[in-house]
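The next block holds one structure in the form of structure tokens; read it before the comments.
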Amino acid sequence: MASPLVTSRLTSPTRFPLRLAKALTWLWLAAVVAILIYWIRHPEHFTQATFERTLLGLGAWAFVGFTVASFVRGALLIPSTPFVLAGGALFPNALAEVLLVSMAGIAGSAALLYRFPGFAGYDTLLAAKYPAQLERLRVQLVKPRAVWFVALWAFFPGVPTDLICYAAGLVRMPFRRMMLGIIIGELPLVTAYVFLGTRLFELLP
């Protein structure tokens, strides 16, 4: 049985059609699979020279596209890891900017889930998918050292960061404390992914 706080969030009037969000997410996954298949069949098109020519052709719009994708990703609850790796690979000479944009996208999705959980029906999705975890998180997030709990949760790649942002909103954890924990936890992880992306680019023929 859902708690009163969860129930109140589930009835949020700001809900955006959940089916649309799911459809866009599946389209994104299909695009990733299609690219991987094409990569396997035509590896000669995925070389450093090819990427450099493409980016030079796009000019400044290449990074603009990466920035837009990073923020749209957050709104669709798509994991940030592939985008951060791609940013490090595609823009090896702008790693600080890639890190800044990636962290801004993560902070944006955290704020969205905290402030407007009814957007796209995320409250329904998370409450239905993680009922037991939500109850445990609610207990932890009201403790004095909750900031560090959020940081550790955000740092560990095996758990959904979106869930703890939503849970923080349920227990009315101060927004600044929640965001501080997210930044502390995500910053070293995202930094590592950016440099890993650069390394992967260097391995291309």
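Based only on other Cβ atoms within 10 Å, what is the fewest-to-most ordering of Asp123, Asp162? Provide the component values of the computation, followed by the final result.
Details: Asp123 26, Asp162 21.
Fewest to most other Cβ atoms nearby, the residues stand as Asp162, Asp123.
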Handout entry: Separation between Cα centres of the stretch 159-196 and the stretch 75-127, rounded to whole Å
Key = 11 Å
Handout entry: Mean Cβ count within 10 Å, highest first, over the residues of peptides 132-141, 190-199
Key = 190-199, 132-141
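Only the coordinates and a few stated rules stand behind these numbers; no lab work does. In this text the structure is predicted, and so the values were computed from the model without any measurement. Here Cβ is always computed from backbone atoms with ideal geometry, including for glycine, and neighbour counts include all displayed protein chains.
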